[in-house]
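Enquirer: Following this message is one structure expressed as structure tokens.
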Amino acid sequence: AHARFHGLSVIVCVGETLEERESGKTMDVIFAQLKAVATEIDDKEHSSWGSQVVIAYEPIWAIGTGKVATPEQVQDVHAKIRQWLADNVSEEVAKATRIQYGGSVNAGNCSELARLSDIDGFLVGGASLKGDDFVKICNTSAVHYKAIGRKPRSGSVVTYSFDEDGELLETK
């Protein structure tokens with residue numbers, strides 16, 4: 001709420017531990033996290049959810065471990081987050097809110113993940129340090145938007161150019 005009051009957009013990261021996933025509590029944990037955030041967003045018309053609030057599903061057990069949730073697991077969680085938004089905030093918010101995946105996204109798994117309807121992009125960690133890999137991830141996300149018939153938000157698609165050593169040359 002404080003960040004939004006000062007005009008900042010926020011990324012709300014939600015996710016579960018491996019123990020919570022294995023005991024079938026993934027959605028209980030994530031719904032509790034979403035509820036805590038929703039009570040802090042005092043926007044009666046919900047107008048800033050889609051423009052100033054991004055949700056990133058980051059299973060704790062997959063961050064920096066190289067372990068990745070299956071595409072089916074990710075789609076299932078994202079769809080349930082979107083449904084929770086529809087049921088607890090509004091249908092408009094559910095449609096407008098960007099839900100990203102951030103659990104060990106890399107150049108090898110981004111294409112398969114980007115094909116899924118409820119994944120609206122990626123929160124990229126270590127893979128962003130490898131120029132060619134990061135470009136592939138960015139471009140894959142842009143292809144996703146075309147495939148589902150949505151336009152990326154202004155400024156959300158950037159083209160990066162790197163030299164042969166992986167050094168950034170320019171952005172467009």
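The values are calculated or read from the model by the stated rules, or taken from the named source; none is laboratory data. All of these numbers come straight from a predicted model, not from anything done at the bench. Note that we place each Cβ from the backbone using ideal geometry, even for glycine, and neighbour counts take in every protein chain shown. Calculation scope for accessible area: heavy atoms of the full protein, side chains included, ligands and nucleic acids excluded. Shrake-Rupley method; radii C 1.70, N 1.55, O 1.52, S 1.80 Å.
Enquirer: From the list A56, A79, which one is buried (at least 18 other Cβ atoms within 10 Å of the Cβ), closer than 18 Å to S141 by Cα and either hydrophobic (A, V, I, L, M, F, W, C) or over 15 Å from the mean Cα position of the chain (by Cα) (or both)? Steps first, answer last, please.
Expert: Working: A79 fails: buried (at least 18 other Cβ atoms within 10 Å of the Cβ).
Going through A56, A79 in turn, just one is buried (at least 18 other Cβ atoms within 10 Å of the Cβ), closer than 18 Å to S141 by Cα and either hydrophobic (A, V, I, L, M, F, W, C) or over 15 Å from the mean Cα position of the chain (by Cα) (or both): A56.
Enquirer: V135 - would you say it is hydrophobic (A, V, I, L, M, F, W, C) and in a helix (DSSP H, G or I)?
Expert: Details: hydrophobic (A, V, I, L, M, F, W, C): yes; in a helix (DSSP H, G or I): yes.
Considered against the rule, which asks whether it is hydrophobic (A, V, I, L, M, F, W, C) and in a helix (DSSP H, G or I), V135 comes out as yes.
Enquirer: Additional query: Residues of region 82-93 being among the basic types (K, R) and open to solvent by less than 30 Å² (accessible area, probe 1.4 Å), which ones? Break it down stepwise before answering.
Expert: Within region 82-93, the first condition is being among the basic types (K, R), and the residues that meet it are 82.
The answer is none; no residue qualifies.
Enquirer: Report every pair of residues separated by at least 6 positions or lying on different chains whose Cβ atoms are under 6 Å apart, first residue within region 23-50 and part of a helix (DSSP H, G or I), second modelled with pLDDT of 85 or more and not aliphatic (A, V, I, L, M).
Expert: T26/E16; M27/K80; V29/E16; V29/E20; F31/W84; L34/W84; W49/T97; G50/T97
Enquirer: Now, a different point. Taking interchain pairs and intrachain pairs at least six residues apart, which have beta carbon atoms under 8 angstrom, with the first residue in region 7-21 and in contact (Cβ under 8 Å) with a residue 40 or more places away in the chain and under 18 Å from S104 (Cα atoms) and the second open to solvent by 60 Å² or more (accessible area, probe 1.4 Å) and charged (D, E, K, R)?
Expert: What qualifies is E16/K25.
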